[in-house]
Amino acid sequence: FAIFATGRAFEQIRNSIAYPHLNVKVAATHAGITVGEDGGSHQSIEDIALMRVLPGMTVIVPADGPEAEQAVYAAAEHDGPVYLRFGRGGVPVIHGADYQFKIGKAEVLRDGGDVAIIA
């Protein structure tokens, strides 16, 4: 559960991984509010904020299965601490076979001139 991987372990992650900039990867599942029957105590809405505040911590939140697979490989190759955040349930596939994940690179899903959504 993401809330326990980041919340309960925050001090250890901060002091023993982020500050010394160790090459440690933290992966957590059941992120967000989709954990359903597990209740509010298991829902994580602050895990991204907790990890983003740490110096040198890279936070990756894949959108679908193909991106998740590539993100795991990218995190393994990345030198430094990484937090990988995964949901619980299945999600629609939005990335095609030609998609290439790169840490820190923005992704344009659709070109247009009426509105911009940055998430």
- Could you grab the relative contact order for the chain? Cα pairs under 8 Å, six or more apart, rounded to a whole percent. 29
- Message: Could you tell me the center-to-center distance, by alpha carbons, between segment 77-111 and segment 1-32 in angstrom?
- Response: 19
- Query: Residue-wise, which Karplus ³J(HN,Hα) couplings in Hz belong to segment 17-27, taking 6.51 cos²θ - 1.76 cosθ + 1.60, θ = phi - 60°, and x for glycine or proline?
  - Reply: 10, 6, 4, x, 6, 7, 7, 10, 10, 10, 10
- Query: Applying the Karplus parametrisation 6.51 cos²θ - 1.76 cosθ + 1.60 with θ = phi - 60° to the phi angles of segment 105-116, what ³J(HN,Hα) value in whole Hz is obtained for each residue in order, glycine and proline being reported as x?
  - Reply: 9, 6, 10, 8, 7, 7, 7, x, x, 8, 7, 10
- Task: Can you tell me the 0 to 90 degree angle between the C-alpha axis of helix 65-77 and the longest principal axis of the chain, rounded to 10?
- Result: 50
- So which residue, out of G32, G56, G96, gets the largest mean-square fluctuation from a GNM of the chain using Cα contacts under 10 Å as springs? G96
- What residue among V61, V93, V24 has the largest mean-square fluctuation in a Gaussian network model of the chain, using Cα springs under 10 Å? V93
- If each residue's Cβ is checked for other Cβ atoms within 10 Å, how do T6, T34 rank with the fewest at the top? T34, T6
- Message: I want to verify the translational diffusion coefficient of the chain in µm²/s; compute it with Stokes-Einstein, Rh as the Kirkwood radius over Cα pairs, at 37 °C and 0.692 mPa s.
- Response: 213
- Query: HN-Hα J couplings of segment 84-98 from phi, Karplus 6.51/-1.76/1.60, θ = phi - 60°, integer Hz, Gly and Pro as x?
  - Reply: 9, 10, 10, x, 9, x, x, 10, x, 7, 10, 9, x, 5, 8
- The long-range amide H neighbours of V26, using H built 1.01 Å from N in the peptide plane and a cut-off of under 5 Å, are V82, Y83, L84
- Message: Can you compute the charge dipole magnitude of segment 2-85 about its Cα centre, using +1 on each Lys and Arg Cβ and -1 on each Asp and Glu Cβ, nothing else charged? Give it in debye, rounded to the nearest 20.
- Response: 300
- CD proxy, 222 nm, the chain: helix-only mean residue ellipticity via -39,500 (n - 2.57) per DSSP H run with n ≥ 4, per residue, nearest 500, stands at -5000 deg cm²/dmol
- GNM, the chain, Cα, under 10 Å: largest mean-square fluctuation among A31, A75, A97? A97
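Read-outs throughout are calculated quantities, based only on the coordinates presented, and are distinct from any laboratory measurement. Note that the structure is a prediction, hence the values are computed from the model and not measured. In this analysis, Cβ positions are derived from the backbone assuming ideal geometry, glycine residues included, and neighbour counts consider all displayed protein chains.
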